[in-house]
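Heads up, the thing below is written out as structure tokens.
The values are calculated or read from the model by the stated rules, or taken from the named source; none is laboratory data. All figures in this text were calculated on a predicted structure; none of them were measured in a lab. Reconstructed Cβ throughout: ideal geometry from the backbone, glycine too, with neighbour counts over all protein chains shown.
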Amino acid sequence: MSTITTPPSGTGGGAPGSSPEPGSGASTSVSSRPAKPSLFGRLPVVHQLRQSVGLQRGMLVAGLIITAVYVICAVFAQWIAPYGFAQLRDASGPFGSQQPPSPSHIWGTTVGGYDVFSRVIWGAQTALEVMVVAIILSIFVGVFLGLVSGYLGGWLDRVLVVIADAIYAFPSLLLAIVMSIVISGGQSNLYGGILAAAISITVVYIPQYFRVIRSEAVRIKSEAFVESAMVIGASTPRIMFRHVLRNSTRTLPLIFTLNASEAVLTLAGLGFLGFGIEPTAAAEWGYDLNKSLSDVTSGIWWTAIFPGLAIVLSVLGVTLVGESLNDLADPRLRGRRAVAAASGTVAQTSVVPGGPLEGGPGGLAGLEDTEGGDDRDR
Amino acid sequence: MSSLISEAAPETAAESTTTFKKQRNGGGLGRYIVVRFLLIIPTIFILVTLVFFLMRLTGDPITAALGGRLNATQLQERIHAAGYDRPILVQYFEYLGQIATGNFGTSISDNRPITTILVTYGAATLELAFYALIVAFIVGIPLGLVAAYFRDKGQDAVLRVFAILCYATPVFFAGILLKLIFSVWLNVLPVAGRASTGSEFEMQDLPHTTGFYLIDAFQTGDPAVISDVLLHAVLPAVTLGLLTAGIFLRLVRTNVIGTLNTDYVDAARSRGVSEYRLVRKHAYKPALIPIITVIGLQIALLLSGAVLTESTFEWKGLGFQLAQYLGARDFVAVQGIVALLAVIVAITNFIVDVAAAIIDPRVRY
């Protein structure tokens, strides 16, 4: 309690020049602040892992394990899968269609005569590729547009906001369908298919990145350090990319884990409707589920259950990580007994640059400390 | 810490009330509704324009639909007859004009006006969405309250994983699983469709069919038909409802926990109000307000989900038709249905926003 009674109003927490790094300036009121953790400790996920306690940590760890297994399957599909994704026969003849699980085909074969296990493993690779391309594309386009729109403002900002809102409100799957028609006319080979699916997904997610980055840019634009940069004579692009962008990326990891999982779902949805990737070009879980739809009525379960579970698990893993990161970043949702050591770092990880707020009436630094104190009181 | 809050609070409170009054003087609910209504127009306009130009980038719809089946001259004739060889801007303005008069074009593969398709199949989609919302409310809100009440305990963890599972399971896989369990293995529910053929015949004989099978079934007054229709609805409704239920659960949990941390709940707690009563009486209702707003955004998700659910269960609604036309590469029909859905989404969002503004005065800014 006594650690935070310093009023945030007035001259602000840190005496000017008292601390070498601006990040701690705002929160010198937290006297029990731990030493700055090592570089390893400050890595995004590692930091949260240390910050989390109890169930939160359990969920985060479970998510990380599932995601790791998924990524391993995807990267080493070639060595894990016993057969190719489009392989119909081996040395002892054709696989046969709709064969129940047996030692040679542990998860059976599909109606098209493919090995289910191999296609599930190869499917992880396709999903990961689409996910990575989609996220990279949407981060670049969405972040760039959001930054430009938020920092420059004016009519461009207004037009972009209206467009982004319109797209955001639209059913994402329908938009992805339209995009995949545009890009590939509905049929696709491997790279065309992956790119088409990724771009379709990107278009859906650009508005989300756009919104987040834009609102951060609008907020940071009015900070004093941006003004200082202007006074010094820094060029607009330099301020935008060096000062504003660096400070507005705090929420990105959260959106991107959540979007990664949605990308897998959208890809599967497209595949289920017949707009995915051809079965001979790559394995895709949604396509396999579509083909298994008629199997189910005759009691053939292995063609549907395994690709379906693969989707669920990969989405579950990534979402668990994203959810945990999200909860840990939101002080209101953090556990009531959030570790004191971790709550001290709130101001550091989030964008509350100490310097600019000095002299302001408490400002954000005050709020952050209030939150931290709140946690410790309970 | 408390001194800190009391110091900061009056300032911000006074500030917010003055700005609030200023805005209130600027206009009340009426003005908000008008402004919000006018915002629909650019939304629809942008989406329709976007879809139109995107679809035309691929070439004309006739070639896409009939490309393999006609020879070059026949194809040219059809393209010319449909006017697809004119400048794209001319086509675009003609299309806008058509939409303004409620004409969304005619499908190529089976030559039906898109508006007829909407009238025939829209009711089925609405019915499904309605059932799904009921399931979502029944499952999502109570479980969200339970999760908030037991926050950070075992029950909370189980419910949160359940919510994530609801979201992580693609609707078509959930549908296939439910089908496998309840229709094939247990054999208690029908596999697909909206009603068995017998019931459909009985309902077609009605003088005024509404397209809502439940209403039609009640019109026949035949208990067998009613139960048949309801049994057919169970699996699709649960499939689509669980998707939304997971989101409701998370939302209710987050909001109730957020409300439980507010000053007035702290005050109630210090007066000795039990934790159960705090959740049930104090934190529950304010937490429901954001849900109303979120339902608006869920409409888009619900429609995406409906497309997949309908395809899984052969539920003959708009989504099922859309999937059929996609398969037939009939892009005029796709464009029409997509544009129509855009209008539906925009109007629903408007209604939801107005409802939220009526319930919660803070929204009217």
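Comparison of A:ALA166, A:ALA198 shows that the only residue that is crowded, with 22+ Cβ neighbours inside 10 Å, among the small types (Gly, Ala, Ser) and at pLDDT below 80 is A:ALA166.
Taking the criterion of being at pLDDT below 70 and closer than 27 Å to B:LEU340 by Cβ, the residues of region B:64-80 that qualify are B:ALA64, B:ALA65, B:LEU66, B:GLY67. Taken together, the residues in region B:265-280 that are among the hydrophobic types (A, V, I, L, M, F, W, C) and in contact (Cβ under 8 Å) with a residue 60 or more places away in the chain amount to 1. Summed over region B:94-114, the residues that are within 20 Å of B:GLY327 (Cα to Cα) and among the polar types (S, T, N, Q) give a count of 4. Flag: B:SER107 matches the condition of being crowded, with 17+ Cβ neighbours inside 10 Å and either away from chain A (no Cβ under 14 Å) or modelled with pLDDT of 75 or more (or both).
Could you tell me whether A:VAL244 is in contact with a Leu (Cβ under 8 Å, 6 or more places away or on another chain), away from chain B (no Cβ under 12 Å) and either assigned to a loop (DSSP other than H, G, I, E, B) or over 25 Å from A:ARG57 (Cβ atoms) (or both)? Yes.
Only one entry of B:VAL191, B:VAL90 meets the criterion of being hydrophobic (A, V, I, L, M, F, W, C) and within 14 Å of another protein chain (Cβ to nearest Cβ), and that entry is B:VAL191. Cβ-Cβ distances below 6 Å connect the following pairs, each with a first residue in region B:106-135 that is farther than 16 Å from B:PHE313 by Cβ and touching a residue at least 60 places away in the same chain (Cβ under 8 Å), a second residue that is charged (D, E, K, R) and not in a helix (DSSP H, G or I), and a separation of six or more residues or different chains: B:SER107/B:ASP330; B:ILE108/B:ASP330; B:SER109/B:ASP330. Could you tell me which residue of region A:301-316 is farthest from A:ALA68 (Cα to Cα), considering only residues that are more than 9 Å from chain B (Cβ to nearest Cβ) and not aromatic (Phe, Trp, Tyr)? Top of the filtered list is A:THR303. For region A:231-241, a residue qualifies if it is more than 13 Å from A:LEU152 (Cα to Cα) and either modelled with pLDDT under 80 or surrounded by 14 or more Cβ atoms within 10 Å (Cβ to Cβ) (or both), and exactly one does: A:ALA234. Of the numbered criteria (1) surrounded by 14 or more Cβ atoms within 10 Å (Cβ to Cβ); (2) charged (D, E, K, R); (3) modelled with pLDDT of 80 or more, the one B:GLU94 fails is (1). Filter region B:168-188 for residues that are more than 8 Å from every other protein chain (Cβ to nearest Cβ), part of a helix (DSSP H, G or I) and of a type in the set (Val, Ile, Thr) and give the result. Those that are more than 8 Å from every other protein chain (Cβ to nearest Cβ), part of a helix (DSSP H, G or I) and of a type in the set (Val, Ile, Thr): B:VAL171, B:ILE181.
Would you check if B:ALA157 is among the aliphatic types (A, V, I, L, M), more than 24 Å from B:PHE212 (Cα to Cα), buried (at least 21 other Cβ atoms within 10 Å of the Cβ) and within 14 Å of chain A (Cβ to nearest Cβ)? Answer is no for this residue. Residues that are over 21 Å from B:VAL135 (Cα atoms) and either modelled with pLDDT of 85 or more or within 13 Å of another protein chain (Cβ to nearest Cβ) (or both) do not occur anywhere in region B:236-253.
In region B:112-131, is there at least one residue being part of a loop (DSSP other than H, G, I, E, B) and not acidic (Asp, Glu)? Yes, that holds for at least one residue.
Of all the listed residues (B:ALA283, B:ALA342, B:ALA333), the sole one being more than 11 Å from every other protein chain (Cβ to nearest Cβ), in contact (Cβ under 8 Å) with a residue 24 or more places away in the chain and closer than 16 Å to B:GLY122 by Cα is B:ALA333. No other residue among A:SER298, A:SER261, A:SER292 is at the interface with another protein chain (Cβ under 10 Å from one of its Cβ atoms) and under 24 Å from A:ILE135 (Cα atoms) apart from A:SER261. Scanning region B:289-330 for residues that are more than 8 Å from chain A (Cβ to nearest Cβ), of a type in the set (Ser, Thr, Tyr) and touching a Ser or Thr at 6+ places or on another chain (Cβ under 7 Å) turns up B:THR309, B:TYR325. Within this structure, A:ALA68 passes the test of being assigned to a helix (DSSP H, G or I) and out of contact with any Phe, Trp or Tyr (no Cβ under 7 Å at 6 or more places or on another chain). In the set A:SER118, A:SER138, A:SER52, only one residue is at pLDDT below 70, on the phi < 0 side of the Ramachandran plot and surrounded by 16 or more Cβ atoms within 10 Å (Cβ to Cβ); that residue is A:SER52.
For A:ALA281, the stated conditions do not hold, so it cannot be described as crowded, with 24+ Cβ neighbours inside 10 Å and either modelled with pLDDT of 75 or more or away from chain B (no Cβ under 12 Å) (or both).
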